[in-house]
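Below: one structure, written as structure tokens.
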Amino acid sequence: LGLGRTAETVRMALRKLLDLPSTFDASQEGLIKEALEPISALGIAPVQMTLVDQSGERKPNAADTLAQHVGSDAGMVFIEAEAGKGKTVLLASAAQTLRTDKRGKLPVFIPLRRLPLTAGIGWDSITQLIGIVGEGSDRLVRAIKSGLVSVFLDGIDEVAGRYDKNLIRDLLELITQRLGSQDSMVILSGRRTEARHLD
């Protein structure tokens, strides 16, 4: 309840709790729209992709399967595929689906390809990509670890536009150590080469 009088959505309460900047929603909408631009330009709905999980089971609708998993479970999910196979479209589609649901975890979509090399690898430089800085960055970590926010980190292989084994390893270490908890939900995407750096 806002001020004890007006009802608010869980999402609105989360935004206030995290003290997100007023530009956050527009920024997220823009990033997701940009990620879905290749298929939007064709005038078609998102391409339905098949997801094959670790056990080899095929899921006919990857975006819905991922959105359901993110909405109800905790853990770390790594979407692995070669270049051009739709990892970005999958993450953006799932994040968009979750954005339309005003209940549950707040989805945050972050395209890592925008991370400049000069910024170094740090959580602050990652959250700065979506306009969250300073204390807001630490609040976001606590919200992720508490299971209030699910974070989509797209394109580990695209950091600064090139592949660097040490950079990838440092980034994965940062993400798993900083964001990992029994309640957190972190979704990463990358190529098979990045998967070798994950336990």
List, please: which pairs have Cβ atoms under 7 Å, are six or more places apart or on different chains, and start with a residue in the stretch 24-35 that is assigned to a helix (DSSP H, G or I) and end with one that is among the aromatic types (Phe, Trp, Tyr) and open to solvent by less than 40 Å² (accessible area, probe 1.4 Å)?
28/109; 31/109; 32/109
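Is the stretch 179-192 home to any residue that is modelled with pLDDT under 80 and closer than 23 Å to residue 62 by Cα?
Narrowing the stretch 179-192 to residues modelled with pLDDT under 80: 191-192.
Cutting the leftovers down to closer than 23 Å to residue 62 by Cα gives us 191-192.
Yes, the stretch 179-192 contains a residue that is modelled with pLDDT under 80 and closer than 23 Å to residue 62 by Cα.
What residue, of 118, 100, is more than 22 Å from residue 70 (Cβ to Cβ), modelled with pLDDT under 85 and β-branched (Val, Ile, Thr)? Write out each step before concluding.
Numbers: 100 fails: more than 22 Å from residue 70 (Cβ to Cβ).
Matching residue, one of 118, 100: 118.
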Every residue in the stretch 168-187 that is farther than 19 Å from residue 113 by Cα and open to solvent by less than 40 Å² (accessible area, probe 1.4 Å), please.
179, 180, 184, 185
Restricting attention to the stretch 9-39, which residues are surrounded by fewer than 13 Cβ atoms within 10 Å (Cβ to Cβ), modelled with pLDDT of 80 or more and of a type in the set (Ser, Thr, Tyr)?
22, 23
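Would you call residue 138 closer than 14 Å to residue 172 by Cα and of a type in the set (Asp, Glu)? Full working, then the answer.
Values: closer than 14 Å to residue 172 by Cα: no; of a type in the set (Asp, Glu): yes.
It is false that residue 138 is closer than 14 Å to residue 172 by Cα and of a type in the set (Asp, Glu).
Which of the residues belonging to the stretch 121-152 are more than 26 Å from residue 71 (Cβ to Cβ) and in contact with an Asp or Glu (Cβ under 6 Å, 6 or more places away or on another chain)?
Across the stretch 121-152, the qualifying residue is only 121.
Could you name every one of the helices (runs of 4 or more DSSP H) located completely within the stretch 40-155 that has at least 3 residues being small (Gly, Ala, Ser) and buried (at least 21 other Cβ atoms within 10 Å of the Cβ)?
In the stretch 40-155, the matching helices (runs of 4 or more DSSP H) lie at 62-72, 87-100.
The values are calculated or read from the model by the stated rules, or taken from the named source; none is laboratory data. Note that this is a predicted model, so its numbers are computed, not measured. Heads up, the Cβs are rebuilt from the backbone with ideal geometry, glycines too, and the neighbour counts pull from every protein chain shown. Surface areas here come from the heavy atoms of the whole protein model, side chains and all, with no ligands, DNA or RNA. Shrake-Rupley method; radii C 1.70, N 1.55, O 1.52, S 1.80 Å.
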